[in-house]
Each structure stands twice: as C-alpha cells, then as structure tokens.
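Shown next, in structure tokens, is the structure this report addresses.
The values are calculated or read from the model by the stated rules, or taken from the named source; none is laboratory data. Just so it is clear, the model here is predicted, and its values are computed rather than measured. Cβ: placed from backbone, ideal geometry, glycine included. Neighbour counts: every protein chain shown. Accessible surface areas use protein heavy atoms only, side chains included; no ligands, DNA or RNA. Shrake-Rupley method; radii C 1.70, N 1.55, O 1.52, S 1.80 Å.
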Amino acid sequence: MNVLVAPSLLASDFSRLTEEINKVEEAGADWLHLDIMDGHFVPAITIGPPVVQSIRRCTQLPFDTHLMTEQPELYIKSFRDAGSDSITVHQEACRDLRGVIMQIKETGAKAGVALKPDTPVAVLKDMIGEVDLVLIMSVNPGFGGQSFIRSSIQKIEECSALIKTTGKEIHIQVDGGINKETAHWVREAGADVLVAGTSIFHSDNYFKAIQALRN
Ligand code: DX5
Ligand code: ZN
C-alpha cells in the first residue's frame, strides 16, 4: 500500500512557517496537515483562514485541513477559499454529519470525518461510502506531543473492514503520537495516511523522519 505522510504544522516553528513548510516539502511530504482549533471544541486556538491563505502561496503541497471546531459548517467555505484541498470535520461536532460532508464536497474539496478515541467506528456505518477520508484520532484532540493510544489499532482494523464493504477507495488517516514504531503498527492495521507533528518537526533530519514513517 502506498503510504502518504502528512506533517502536522502544529509542531513547527511558527516564527519560520515558510521555511518549515519548504523543508518538509523538499523532504518528501505528501500533504500538509493543518490543525484548526477554535477554543471550544478543544481548549486551544491555532490558526484561521488568513494564515492558510498566506502559506498557500509558498507551497504546492495539498492542504489537509483538520477542523477541531464546533459548528464546522460555518468555516468550510472560508477554508476552501483560503486554499484547503481536503477538509475533515469531527463527527462529534456535527449535528447533521451527512449535510456537512455534502457541503464540503460541493466546494470541490475532499471530505473527511474524524473520530475521537472514544467514538466507535460504527457511527459511520450508514455513511461510510460518502466520505473520502476517515481520520482515526490516536490521541485526544487538542495538542501535539501526546502518546499514541493503542486501542486505535483495533479501530483502524474495523474501519478498514467497513471501507471494504463499500468497494470504494477511502483513505484511513491516523493522527496523534505517530513515530517510527507506531507508524509500523498503524500501517499494518490498514492506515494509509500518517499525520505526524513532533516526530518530524522536532527531529534534526526531516527527510529521515518522513522516510522512517513510510518504511
Ligand atoms: C492533535 C492534532 C495533531 C497533532 C499531532 O489534536 O490533531 O495533528 O499535531 O501531533 P503529534 O504528532 O506530535 O502527536
Ligand atoms: Zn490533526
């Protein structure tokens, strides 16, 4: 399986954003993972559409946008207009998940749904075929640098089995505590998009760090 690596910009040096993005692009990153936090769905606040629009000019990398916000439907258009290629919303934040996924697709972006560690894969049973990507959170969303939660592995396997029933190609992305060791476990379980912040941006060689997650 072709594994994609999406460095999470959250762990980068925000005073040197362009340089950090160029470095991971040159090091072989496939997507750039953008963590959007609103201070409500999670306590922290990160970046909004103006920053996304600014960094859009400095890279060709697809922008993989992880919305950790309440009422994500309010922000889809502005992130798409700012240059997001895929937009992932949390199941726990959506009253009408199907409607929100349709809204994302109507903008032309890829649509993803994220599940917190305590949310079972079964919540997606009736609409798995409508998403382009499932994001299995392997830490509780909110900040980087946490330890991988092992029960995520079983969720990836369950998600992989659910996706097979659709006959469609749907990405399984994993986010949180991904390093050389945990990357191996999640790849074996069926994940094909690995998000990593700390293990890439806090390393002294981004190329080696990205390679280590692939192999
Ligand atoms: C957590 C974010 C992650 C985070 C991952 O809420 O969704 O993308 O940046 O960071 P690491 O790889 O350090 O666990
Ligand atoms: Zn994320």
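Details
- Count - residues of segment 183-212 that are within 15 Å of ligand 2 (Cβ to nearest atom) and closer than 18 Å to N2 by Cα: 6
- Hey, D30 open to solvent by 30 Å² or more (accessible area, probe 1.4 Å), within 28 Å of S160 (Cβ to Cβ) and under 14 Å from the mean Cα position of the chain (by Cα) or not: yes
- Annotation: of all residues in segment 163-215 being among the hydroxyl-bearing types (S, T, Y) and in contact (Cβ under 8 Å) with a residue 12 or more places away in the chain, the one that is nearest to ligand 1 (Cβ to nearest atom) is T198.
- Annotation: of all residues in segment 1-25 being loosely packed, with under 13 Cβ neighbours inside 10 Å and in contact (Cβ under 8 Å) with a residue 12 or more places away in the chain, the one that is nearest to ligand 2 (Cβ to nearest atom) is D13.
- From the options G142, G112, residue that is touching a strand residue (DSSP E or B) at 6+ places or on another chain (Cβ under 8 Å), within 16 Å of ligand 1 (Cβ to nearest atom) and on the phi > 0 side of the Ramachandran plot: G142
- Any chance R95 is out of contact with any Ser or Thr (no Cβ under 8 Å at 6 or more places or on another chain) and either under 21 Å from A6 (Cβ atoms) or crowded, with 20+ Cβ neighbours inside 10 Å (or both): no
- Cβ-Cβ contacts under 9 Å between residues 6 or more apart (or on different chains), taken from a first residue in segment 100-119 that is under 16 Å from G142 (Cα atoms) to a second residue that is outside any strand (DSSP E or B) and of a type in the set (G, A, S), are listed as A114/A93; P117/S138; P117/S151; P117/S152; P117/G176.
- Residue check for F143: open to solvent by 60 Å² or more (accessible area, probe 1.4 Å), under 16 Å from the mean Cα position of the chain (by Cα), of a type in the set (F, W, Y) and within 16 Å of ligand 2 (Cβ to nearest atom): yes
- Residue selection: L115 fails the criterion of being at pLDDT 95 or above, away from ligand 2 (no atom under 16 Å from the Cβ) and over 23 Å from E25 (Cα atoms).
- Residue match in segment 89-96 (condition: under 13 Å from the mean Cα position of the chain (by Cα), closer than 15 Å to V131 by Cβ and either without any contact (Cβ under 8 Å) to a residue 60 or more places away in the chain or not in a loop (DSSP other than H, G, I, E, B) (or both)): yes
- The residues listed here are P62, P72; of these, the one that is open to solvent by 40 Å² or more (accessible area, probe 1.4 Å) and of a type outside the set (A, V, I, L, M) is P62.
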